[in-house]
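Inspection log for the structure reproduced underneath, given as structure tokens.
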Amino acid sequence: MDKLAEYGLQNIPLEACSCLRFSSGEEVLREGTPIFWLFLVVDGRAKICRTAPNGKSLIICYYISSGMIGEVELMTRQENAVSSVIAITDFECIVINYQNCLTELKTNILFLNRLGIELAEKLHESTESFTSSALYTGEQRLCTYILQNSHHGLFNDILTDVSCSVGMSYRHMFRLLGQLCEDGVLDKRESGYYILNRRELMRRSHTAEDSPDIVK
């Protein structure tokens, strides 16, 4: 109920809601399939990605214990999911049936204000992502990506997806990862890349330019 109240939806009938839990690696939502629910993230982390016709995936963003999934489809009246959602940690969310609660979702001012804020934040993140691709070096983009998407010091994303997301060839990205390992910043293990020197990783990322105090 607290999560529903956070979005001004405490009056939604409980029978129209469910609590879903997903394990790491489990698919929450698949791009192109019918979507019947609005998801309110309660806890955990998931990657949101789009797939091109050539099979390559682009990771759009991450949710960490907050946010909505399915709001774009709700407001644009799309019946199929526009992106895929995959849990990268244990992931928990409350889902609200579109059809049973459509009137409430379309007329509740508190909910619509919250939805507008989240859509604006996603637009801002999209702009930041475009700026990063245009203005920062490949090493800066990769280091920033690792910082943002590691979990408990471990970075183990699918590398082909990573290369698409940071806008470089797989070969160039793999070369940069090798250099980071040689420099003692990362350590390659069977389970992925462990961060050995977080401070140096931050120094090499574009986070350092945005917040120079962190590397002094």
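The values are calculated or read from the model by the stated rules, or taken from the named source; none is laboratory data. Quick caveat: nothing in here was measured; it's all calculated off a predicted structure. Virtual Cβ from ideal backbone geometry, glycine too; neighbours counted across all protein chains shown. Remember, those area values only see protein heavy atoms, side chains included, never the ligands or the DNA or RNA. Shrake-Rupley method; radii C 1.70, N 1.55, O 1.52, S 1.80 Å.
Determine, yes or no, whether Gly116 is surrounded by fewer than 20 Cβ atoms within 10 Å (Cβ to Cβ) and assigned to a loop (DSSP other than H, G, I, E, B). Lay out the reasoning, then the answer.
On the way: surrounded by fewer than 20 Cβ atoms within 10 Å (Cβ to Cβ): yes; assigned to a loop (DSSP other than H, G, I, E, B): no.
Judged against the criteria, Gly116 is not a match.
Filter the stretch 29-54 for residues that are among the aliphatic types (A, V, I, L, M), assigned to a loop (DSSP other than H, G, I, E, B) and crowded, with 17+ Cβ neighbours inside 10 Å and give the result. Scanning the stretch 29-54 gives a single hit, Ile35.
Here the stretch 1-28 is the region considered, the condition is being closer than 16 Å to Thr89 by Cβ, in a strand (DSSP E or B) and not charged (D, E, K, R), and the residue that is most open to solvent (accessible area, probe 1.4 Å) is Leu20. Among the residues of the stretch 55-69, those identified as outside any strand (DSSP E or B) and modelled with pLDDT of 70 or more are Ser66, Gly67.
Of all residues in the stretch 157-185, those satisfying the criterion of being under 20 Å from Ile88 (Cα atoms) and of a type outside the set (Asp, Glu) are Ile158, Leu159, Thr160, Val162, Ser163, Cys164, Ser165, Val166.
Filtering the stretch 69-109 to residues that are aliphatic (A, V, I, L, M) and farther than 22 Å from Glu27 by Cβ leaves Met75, Leu102, Leu105, Ile109. Within the stretch 111-152, the set of residues being farther than 29 Å from Asp187 by Cα and over 18 Å from the mean Cα position of the chain (by Cα) comprises Phe111, Leu112, Asn113, Arg114, Gly116.
Condition first: in contact with a helix residue (DSSP H, G or I) (Cβ under 6 Å, 6 or more places away or on another chain) and touching a residue at least 24 places away in the same chain (Cβ under 8 Å). Now tell me which residues in the stretch 161-171 satisfy that.
If the condition is that a residue be in contact with a helix residue (DSSP H, G or I) (Cβ under 6 Å, 6 or more places away or on another chain) and touching a residue at least 24 places away in the same chain (Cβ under 8 Å), then Val166, Gly167, Met168 are the ones that fit.
Examine the stretch 88-111 for a residue that is open to solvent by less than 60 Å² (accessible area, probe 1.4 Å), at positive phi, at pLDDT below 90 and in contact with a strand residue (DSSP E or B) (Cβ under 8 Å, 6 or more places away or on another chain), and state whether such a residue exists. For the stretch 88-111, residues open to solvent by less than 60 Å² (accessible area, probe 1.4 Å), at positive phi, at pLDDT below 90 and in contact with a strand residue (DSSP E or B) (Cβ under 8 Å, 6 or more places away or on another chain): absent.
Among the residues of the stretch 86-129, the ones that are within 22 Å of Leu142 (Cα to Cα) and out of contact with any Lys or Arg (no Cβ under 7 Å at 6 or more places or on another chain) come to 9 in all. For Lys188, the conditions (1) open to solvent by 80 Å² or more (accessible area, probe 1.4 Å); (2) within 23 Å of Gly70 (Cα to Cα); (3) not polar (S, T, N, Q); (4) not in a helix (DSSP H, G or I) all hold with the exception of (2).
Once the stretch 139-156 is narrowed to residues that are in contact with a strand residue (DSSP E or B) (Cβ under 8 Å, 6 or more places away or on another chain) and in a loop (DSSP other than H, G, I, E, B), the residue that is modelled with the highest pLDDT is Gly153. The number of residues in the stretch 99-112 being in contact (Cβ under 8 Å) with a residue 40 or more places away in the chain and assigned to a helix (DSSP H, G or I) comes to 8.
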